[in-house]
Amino acid sequence: MTITRDMLLGAIDRITEAMERDFDMLNAADGALGDGDLGVTMARGMRAITEMKDDLPDDIGMALFQCAQAFTKSSGSSYGTLMATGLMSAAKTLRGSHTIDPAGIPDLVAGARDKMQERGKAELGGKTVLDSLDYVARATAEEGDKAQAAAEAVDKALEDFRDKPATIGRARIFGDKSIGMDDPGMLAMQSIVKAATGQ
Amino acid sequence: MKKILNKPEDYVVEMLAGMTAAHPEYYKLQGDNGKVVVRATPGKKGKVGIVTGGGSGHLPVFTGYVGEGLLDACAIGDVFSSPSAEQMADAIRAADTGAGVLRLYGNYGGDVMNFDMAGELVEFEDITCSTVLLADDVASAAPEEAEKRRGVAGMVYAFKIAGAAAEEGRDLDGVTAVAQKAADACRSIGAALSPCTVPQAGKPTFEIADDEMEMGMGIHGEPGVWRGKLQTADQIAGEMMDRLLADMPVASGDRVSVMVNSLGATPPEELYILYRTVKARLEGAGATIVMPLVGRYATSMEMTGVSFTLCKLDAELEALLNAPCDCAFWSVR
């Protein structure tokens with residue numbers, strides 16, 4: 001099923017709702033390991049996107065570029081910048097297209113993962129949002145319903161990494177204490193992917 | 001810690017409003033959210049733009065050094081936190097006169113990430129950028145991991161030297177190369193006696209006993225090399241010089257500028273007591289001191305303590321250091 005601009009707008013609405021719903025949960029999860037503003041970052045970013053939603057261009061690449069800018073405008077926090085980086089990566093690939101071919105989704109996600117890895121100077125396996133994207137990229141590359149595969153992949157990533165220690169950023173300071181705790185960035189990506197895919 | 005403020009969340013915006021109101025001949029606010037400071041008199045067409053950015057709480061770094069022969073624009077974040085990529089993009093747009101823009105800033109994760117992102121944003125608008133990262137704090141990583149070091153007061157030398165090169169009319173590659181040379185020529189170390197309090201956090205960045213000091217601490221209260229009993233001025237200055245000279249030896253005939261910088265609360269009297277030892281050590285090694293800077297150049301709010309920066313000069317760097325510059329906090333004529 002080809003993804004159109006209207007479908008993108010619908011996904012934006014659902015993600016915005018999810019971020020308002022998960023506002024306190026994400027702040028609390030982030031507060032346990034970092035500075036406690038992840039819910040704020042995500043809600044602000046999505047509110048900024050919602051505000052200009054109706055003016056988004058038909059060119060899906062340019063539309064995603066403007067979504068990336070909304071994140072960079074609304075926050076200086078690293079998660080907001082990483083979100084913008086992932087969106088920019090997809091924006092560059094899709095520039096000039098009016099739709100997204102589902103067959104291209106694994107590559108779009110993998111491209112975002114790689115660019116975010118470069119920007120955040122983090123490795124895969126470090127219990128970060130990169131691992132969630134890595135799971136989504138690999139799961140959607142297989143035959144089957146891509147929306148369902150993506151939603152299952154974000155759950156599986158959280159489960160697989162829950163009992164590992166954080167290795168990146170401020171959470172790293174907590175070392176073994178972070179074992180058993182979910183990474184806040186992975187939790188946010190779980191909400192985003194599930195809302196985007198309507199699962 | 002008592003502070004003079006209204007609402008903690010208005011601290012930065014009100015500080016910028018006051019600073020630009022007090023010095024309208026130097027500074028102007030620009031950008032959507034009012035946290036970009038630009039030169040009141042823009043650089044002339046065809047001059048390479050120089051931008052920096054970083055958290056508030058370090059005045060005169062960063063915004064204070066916007067001025068002729070120094071920086072063209074600066075994006076400023078909340079106290080000790082990075083400005084957004086979009087603010088940095090606004091600063092780059094403001095600094096661009098068509099000859100490209102050098103991003104010159106400290107090696108901090110959030111700043112690096114956001115300035116890289118800002119570069120991609122302005123690429124869509126055909127503005128060319130280059131980057132030089134300041135990483136002069138010898139205490140923040142060992143020499144074999146020098147690329148991980150943080151940028152501290154040494155950035156003032158880099159601003160001055162890059163600013164002079166841009167004013168001279170050098171192109172982006174030329175300004176970038178000499179800024180890198182200045183960055184490579186600087187080494188800094190700090191020592192702290194008391195912490196500071198970030199307004200929105202409302203409590204000190206670290207705790208330290210009244211009779212203790214910390215050697216090598218970072219500008220945001222990052223832990224230092226050691227913590228122990230408070231030493232005499234001569235001992236403190238002696239160890240700081242030992243550590244700097246071990247990292248960048250100085251030989252007979254070398255020409256070196258040196259900065260003895262207050263982290264905020266340490267008074268000029270104590271800086272001058274320290275400077276005696278600094279001068280004796282450098283001259284004892286046969287070096288000549290050029291333009292000693294003793295005062296408040298790069299601070300961490302009201303932290304008590306001091307940093308030393310050495311900048312080893314060749315003829316090119318020395319000429320650029322001596323070129324005229326003017327801002328509210330420092331001028332060379």
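Just one of (1) in a helix (DSSP H, G or I); (2) free of Cβ contacts under 8 Å to residues at least 60 places away in the same chain fails for residue A:14. It is (2). Restricted to segment B:95-112, and to residues that are surrounded by 24 or more Cβ atoms within 10 Å (Cβ to Cβ) and assigned to a helix (DSSP H, G or I), which residue is nearest to the other protein chains (Cβ to nearest Cβ)? Looking at residues that are surrounded by 24 or more Cβ atoms within 10 Å (Cβ to Cβ) and assigned to a helix (DSSP H, G or I), I get B:111. Identify, please: which residue in segment B:14-57 is hydrophobic (A, V, I, L, M, F, W, C) and open to solvent by 40 Å² or more (accessible area, probe 1.4 Å) and is, among those, nearest to the chain's Cα centre (by Cα)? Across segment B:14-57, the extreme among qualifying residues is B:15. Filtered by the rule that a residue be under 22 Å from residue B:165 (Cα atoms) and of a type in the set (Ser, Thr, Tyr), segment B:45-88 gives B:52, B:63, B:65. Looking only at segment A:1-22, which residues are among the polar types (S, T, N, Q) and open to solvent by 70 Å² or more (accessible area, probe 1.4 Å)? Selection gives A:2 alone. Within segment B:302-317, does at least one residue satisfy the condition of being more than 25 Å from residue B:176 (Cα to Cα), part of a loop (DSSP other than H, G, I, E, B) and of a type outside the set (D, E, K, R)? No, that holds for no residue.
Quickly run through segment B:257-273 and pick out the residues that are over 24 Å from residue B:224 (Cα atoms) and open to solvent by 10 Å² or more (accessible area, probe 1.4 Å). Residue satisfying the conditions is B:269 alone. Annotation note: of A:48, A:28, the sole residue that is open to solvent by 20 Å² or more (accessible area, probe 1.4 Å), part of a helix (DSSP H, G or I) and free of Cβ contacts under 8 Å to residues at least 12 places away in the same chain is A:28. Scanning segment B:274-292 for residues that are crowded, with 17+ Cβ neighbours inside 10 Å and not in a loop (DSSP other than H, G, I, E, B) yields a total of 6.
Residues that are in contact with a Gly (Cβ under 7 Å, 6 or more places away or on another chain), within 24 Å of residue B:299 (Cα to Cα) and either free of Cβ contacts under 8 Å to residues at least 12 places away in the same chain or in a helix (DSSP H, G or I) (or both) within segment B:129-167 comprise B:139, B:140, B:155, B:163, B:164, listed in sequence order. Under the condition of being open to solvent by 10 Å² or more (accessible area, probe 1.4 Å), over 16 Å from the mean Cα position of the chain (by Cα) and hydrophobic (A, V, I, L, M, F, W, C), the residues counted in segment B:58-94 number 1. Of all positions in segment B:117-134, at least one carries a residue that is open to solvent by less than 30 Å² (accessible area, probe 1.4 Å), over 30 Å from residue B:247 (Cα atoms), in contact with a Cys (Cβ under 7 Å, 6 or more places away or on another chain) and more than 9 Å from chain A (Cβ to nearest Cβ). Just one of the numbered conditions (1) free of Cβ contacts under 8 Å to residues at least 40 places away in the same chain; (2) within 14 Å of chain A (Cβ to nearest Cβ); (3) in contact with a strand residue (DSSP E or B) (Cβ under 6 Å, 6 or more places away or on another chain) is not true of residue B:91: (1).
Among what's in segment A:155-199 and is part of a loop (DSSP other than H, G, I, E, B) and hydroxyl-bearing (Ser, Thr, Tyr), pick the residue that is surrounded by the fewest Cβ atoms within 10 Å (Cβ to Cβ).
First, pick out the residues of segment A:155-199 that are part of a loop (DSSP other than H, G, I, E, B): A:163-168, A:179-183, A:197-199.
Add one more test, that the residue is hydroxyl-bearing (Ser, Thr, Tyr), and what stays is A:167, A:197.
Details: A:167: 15, A:197: 18.
Out of the qualifying residues, it is A:167.
If you go through segment A:95-129, how many residues are within 11 Å of chain B (Cβ to nearest Cβ) and more than 29 Å from residue A:162 (Cβ to Cβ)? Walk me through how you get there before you give the answer.
Narrowing segment A:95-129 to residues within 11 Å of chain B (Cβ to nearest Cβ): A:95, A:115-116, A:118-122.
Next, only the ones that are more than 29 Å from residue A:162 (Cβ to Cβ) stay: A:95.
Count: 1.
Of the strands (runs of 3 or more DSSP E) lying entirely inside segment B:168-256, the ones with 1 or more residues being surrounded by fewer than 22 Cβ atoms within 10 Å (Cβ to Cβ) and free of Cβ contacts under 8 Å to residues at least 40 places away in the same chain are found at B:212-215, B:226-229. Residues that are surrounded by fewer than 17 Cβ atoms within 10 Å (Cβ to Cβ) and within 28 Å of residue B:70 (Cα to Cα) within segment B:1-12 comprise just one, B:10. Being within 14 Å of another protein chain (Cβ to nearest Cβ), surrounded by fewer than 24 Cβ atoms within 10 Å (Cβ to Cβ) and on the phi > 0 side of the Ramachandran plot is not true of residue A:92.
Apart from one condition, residue A:41 fits all of (1) open to solvent by less than 30 Å² (accessible area, probe 1.4 Å); (2) within 14 Å of chain B (Cβ to nearest Cβ); (3) in contact (Cβ under 8 Å) with a residue 60 or more places away in the chain; the exception is (3).
In the set (1) over 29 Å from residue B:45 (Cβ atoms); (2) touching a Ser or Thr at 6+ places or on another chain (Cβ under 9 Å), residue B:143 fails one condition alone, (2). What is the residue count in segment A:117-151 for residues that are assigned to a helix (DSSP H, G or I) and surrounded by 19 or more Cβ atoms within 10 Å (Cβ to Cβ)? Going through segment A:117-151 one residue at a time, the tally reaches 18. Within segment A:64-84, the set of residues being open to solvent by 20 Å² or more (accessible area, probe 1.4 Å), part of a helix (DSSP H, G or I) and facing chain B (nearest Cβ under 7 Å) comprises A:69, A:73, A:78.
The values are calculated or read from the model by the stated rules, or taken from the named source; none is laboratory data. Please read all numbers here as calculations on a predicted model, not as lab measurements. Note that we place each Cβ from the backbone using ideal geometry, even for glycine, and neighbour counts take in every protein chain shown. Calculation scope for accessible area: heavy atoms of the full protein, side chains included, ligands and nucleic acids excluded. Shrake-Rupley method; radii C 1.70, N 1.55, O 1.52, S 1.80 Å.
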